[in-house]
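Reading through the structure tokens given below for one structure.
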Amino acid sequence: MFETNALRLATFTALLATASCALLSTTGCTGLANKFILFPSHHPIAATAERVVIAGDDEVPPIETYHLHVGDADAEPTAFVLAFTGNAGRAEHIPLRVAHTLDAHTPGTTTLSRRNVTIVGMQYPGYGERPVGSADLSELGEFGIRAYDDLCKRAGDRPVYLYGLSLGTTLALHIAATAHDRPPAGLILDRPPELRGIIIGDNGWWNFWALSFPVWWGVPSSADSERNGKLVGSVPALFLLSDADEMVRPVHQQRVANAYAGPKQVVWASCSHTALIDATNAPNLLGGLRWLLGN
């Protein structure tokens, strides 16, 4: 019996290694990471925000964004929020989600309710009804920087905040770590995943690390949140973590928060990974928002 089980295990491992080699030969490590981490969709979505395209040229593709103005419709925004969604999300949805979170479902109590704010969601490459390029982790960081630079030009001397949900937090941290000429006014990092720890620590066992190591190797430095968090200077960050997250375990969220070198506050919620964090499941959310955004 022992020899039979050992033979089955050896056979399974060999087959898995063969499959990994076959995938690597056609996609490479980055391509393998793209397949396991990114889940683009292209179906039509009824957006609640205005579609605005950042123009491209012969060298760089256009970037699709969605703008949602919160406050007096006739007033100029006093602040901007650039928002990045999760690995299966879409830019059409994220601005309204951010508006609800920043308002903490208690209108009239936060900065967002008292001033005019424009929230901008960026579509990832390879995502959306009119996708540009292919879904590629190595391109996300550059797309994010271009969208941030464009919004900073629109904002002038008005503050620009960054919001990231799940995978989107990697973009926010990458920009904060590299935008030295004009750092963001602050970050809101909603359930940030420590990708490499999740890939190796949580998912290595079932494939005997034959798939996990190539996927881990394919994660670009722009998506290494622990590394990028250590490079951030004085940008304040509000971490929204969940102790009931079934997809990104609290320990992986906490590692990203612990590594962050700038001023920070941590707010804990009790909700699933896809649930909206608000005052009902995160009692300290309002205090954290006031700390970051002001009264």
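The values are calculated or read from the model by the stated rules, or taken from the named source; none is laboratory data. Everything quoted here is computed from the prediction, not taken from an experiment. With ideal geometry, Cβ positions are generated from the backbone for all residues, glycine too; neighbour counts draw on all protein chains shown.
Conditions (1) modelled with pLDDT of 50 or more; (2) outside any helix (DSSP H, G or I); (3) surrounded by fewer than 11 Cβ atoms within 10 Å (Cβ to Cβ), marked per residue:
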| residue | (1), (2), (3) |
| --- | --- |
| L7 | no, no, yes |
| T13 | no, no, no |
| T27 | no, no, no |
| L32 | yes, no, no |
| H42 | yes, yes, no |
| A46 | yes, yes, yes |
| G56 | yes, yes, no |
| E64 | yes, yes, no |
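Evaluate region 191-202: report whether one residue or more is touching a Pro at 6+ places or on another chain (Cβ under 8 Å) and either modelled with pLDDT of 90 or more or part of a strand (DSSP E or B) (or both). Taking every residue of region 191-202 in turn, none turns out to be touching a Pro at 6+ places or on another chain (Cβ under 8 Å) and either modelled with pLDDT of 90 or more or part of a strand (DSSP E or B) (or both).
Within region 237-295, the residues that satisfy the criterion of being in a loop (DSSP other than H, G, I, E, B) and of a type in the set (S, T, N, Q) are S270, S272, T274, T280, N281, N284, N295.
Out of curiosity, is V256 under 19 Å from D103 (Cα atoms) and of a type in the set (V, I, T)? Considered against the rule, which asks whether it is under 19 Å from D103 (Cα atoms) and of a type in the set (V, I, T), V256 comes out as no. Would you check if there is a residue in region 86-94 being modelled with pLDDT under 95, β-branched (V, I, T) and either surrounded by fewer than 17 Cβ atoms within 10 Å (Cβ to Cβ) or not in a loop (DSSP other than H, G, I, E, B) (or both)? There is no residue in region 86-94 that is modelled with pLDDT under 95, β-branched (V, I, T) and either surrounded by fewer than 17 Cβ atoms within 10 Å (Cβ to Cβ) or not in a loop (DSSP other than H, G, I, E, B) (or both). Scanning region 149-160 for residues that are more than 18 Å from the chain's Cα centre (by Cα) and outside any loop (DSSP other than H, G, I, E, B) yields D150, C152, K153, R154, A155. Inspect region 139-148 for any residue being modelled with pLDDT of 95 or more, farther than 27 Å from D245 by Cα and assigned to a strand (DSSP E or B) and give the result as yes or no. Within region 139-148, none of the residues are modelled with pLDDT of 95 or more, farther than 27 Å from D245 by Cα and assigned to a strand (DSSP E or B).
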